[in-house]
1. Counting residues that are open to solvent by 20 Å² or more (accessible area, probe 1.4 Å) and more than 7 Å from chain B (Cβ to nearest Cβ), which helices (runs of 4 or more DSSP H) fully inside segment A:115-171 reach at least 3?
2. Of (1) without any contact (Cβ under 8 Å) to a residue 60 or more places away in the chain; (2) open to solvent by 20 Å² or more (accessible area, probe 1.4 Å); (3) away from every other protein chain (no Cβ under 12 Å), residue B:99 satisfies all except one. Which?
3. For residue B:186, which of the numbered conditions (1) open to solvent by less than 20 Å² (accessible area, probe 1.4 Å); (2) over 15 Å from the mean Cα position of the chain (by Cα); (3) touching a residue at least 12 places away in the same chain (Cβ under 8 Å); (4) within 11 Å of another protein chain (Cβ to nearest Cβ) fails to hold?
4. Can you tell me which residue in segment A:102-114 is farthest from residue B:27 (Cα to Cα), limited to those that are part of a helix (DSSP H, G or I) and open to solvent by 20 Å² or more (accessible area, probe 1.4 Å)?
5. Just need a number here: residues in segment A:172-183 that are surrounded by fewer than 24 Cβ atoms within 10 Å (Cβ to Cβ) and either assigned to a loop (DSSP other than H, G, I, E, B) or within 7 Å of chain B (Cβ to nearest Cβ) (or both).
6. Mind checking which residues of segment B:37-61 are surrounded by 13 or more Cβ atoms within 10 Å (Cβ to Cβ) and in contact (Cβ under 8 Å) with a residue 40 or more places away in the chain?
7. For the structure I just gave you, tell me whether residue A:194 is on the phi > 0 side of the Ramachandran plot, more than 7 Å from chain B (Cβ to nearest Cβ) and small (Gly, Ala, Ser).
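The values are calculated or read from the model by the stated rules, or taken from the named source; none is laboratory data. This is a predicted model, so every value here is computed, not measured. Note that we place each Cβ from the backbone using ideal geometry, even for glycine, and neighbour counts take in every protein chain shown. All accessible areas refer to the heavy atoms of the entire protein, side chains included, with ligands and DNA or RNA removed. Shrake-Rupley method; radii C 1.70, N 1.55, O 1.52, S 1.80 Å.
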Number of protein chains: 2
Amino acid sequence: MSVHTTGRQTEESRDTGTRSGRDAILRAARRAFTLRPYAEVTLRGIATDAGVSASLIVKHFGSKEQLFNTVADFGPDTDELFAAPLEALGRHMVLTLVRSRREFQRDPMLRVVFSLGNTDERSLLRDRFHEQVTARLTTLLPGQDNALRAELVAGQLLGLGATLALHPSGAAAQADAEGIADLYAPALQRLITG
Amino acid sequence: MSVHTTGRQTEESRDTGTRSGRDAILRAARRAFTLRPYAEVTLRGIATDAGVSASLIVKHFGSKEQLFNTVADFGPDTDELFAAPLEALGRHMVLTLVRSRREFQRDPMLRVVFSLGNTDERSLLRDRFHEQVTARLTTLLPGQDNALRAELVAGQLLGLGATLALHPSGAAAQADAEGIADLYAPALQRLITG
């Protein structure tokens with residue numbers, strides 16, 4: 001094995017390590033900030049759950065408040081979710097959501113549901129969701145009733161995420177992503193196209 | 001006002017009082033048992049939230065364990081939700097769900113989502129949901145991929161409930177139930193009919 005190859009592999013695995021550490025922190029932070037009130041969440045608890053040091057969290061995300069803001073930010077997820085031409089958006093959304101769960105064990109927006117019934121800091125998730133998901137979808141959709149259709153599109157995406165999470169070894173878990181899209185995307189597309 | 005009329009009104013308002021007291025207890029119990037671990041929930045806390053006495057809870061529902069079992073039981077809700085011929089079930093489901101939220105401030109099954117990420121007693125909600133919603137729907141649906149379609153139907157219903165809860169003063173909140181059904185029910189119906 002040449003020095004060059006070894007060097008490249010080390011660099012790759014370092015990148016992968018950084019990414020998977022970051023992902024593990026984000027997953028643990030999402031769990032912590034949605035399941036418990038803000039005041040009860042500690043970086044140390046998130047670090048333990050993620051299997052990293054608290055200082056690595058600070059290095060990647062800054063303070064507890066900054067990490068909470070990252071959790072409440074639906075921008076990066078919706079950028080991916082909405083990144084297709086309108087006429088193909090339904091299918092793209094379903095495939096992106098299914099793959100995000102399978103490849104990264106995360107859902108682009110299901111965490112907002114856990115803010116329901118809580119009037120504490122978690123209401124920030126609902127506010128961001130309204131701005132970054134519903135309002136953005138509303139401006140994106142052509143035709144009549146676009147605000148209503150945007151809410152229903154958001155509903156279909158939340159519902160798909162919820163049912164995949166609730167049936168981790170069920171029929172959808174066994175099905176390929178394209179098969180799920182065949183069944184689920186046409187309805188989304190009709191709501192999108194109007 | 002005759003004695004007869006007064007008597008009837010008193011009886012009616014007593015019935016209404018009983019029903020609304022029972023509903024308030026159930027709503028408070030659903031909140032308590034889904035948002036907090038079982039061990040942290042008290043009948044006294046639920047009573048305070050519902051504006052009733054703890055002894056009224058015992059009278060209506062029995063012990064804390066029995067009340068938790070009532071919360072985890074999706075049977076009565078799905079009986080209503082599934083009470084239509086297959087060819088009209090999609091629309092019936094949407095109308096039932098929207099009306100349940102509007103008239104009784106409750107969702108037939110959204111509470112199961114709050115059990116996600118919790119491995120404590122709340123996993124009972126997921127088990128019951130699998131038996132009483134997904135498995136029941138699977139046997140109900142004709143045609144191919146019925147288990148997958150059942151999961152997706154459950155997803156669409158959970159998603160509709162979630163988006164209505166997340167947008168309490170949004171476009172869906174302003175829309176009439178029939179208008180929501182016009183947009184949302186055809187997709188459900190296609191998943192049902194296969």
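1. Working: elements: A:123-129, A:136-140, A:146-166.
Per the criteria, A:123-129, A:136-140.
2. (1)
3. It fails just one condition, (1).
4. Applying the first criterion (part of a helix (DSSP H, G or I)) to segment A:102-114 yields A:102-104, A:110-114.
Narrowing further to those that are open to solvent by 20 Å² or more (accessible area, probe 1.4 Å): A:102-104, A:114.
On the way: A:102: 34, A:103: 37, A:104: 35, A:114: 17 Å.
Out of the qualifying residues, it is A:103.
5. So the count comes out to 3.
6. Scanning segment B:37-61 gives a single hit, B:38.
7. On the way: on the phi > 0 side of the Ramachandran plot: yes; more than 7 Å from chain B (Cβ to nearest Cβ): yes; small (Gly, Ala, Ser): yes.
In short, yes.
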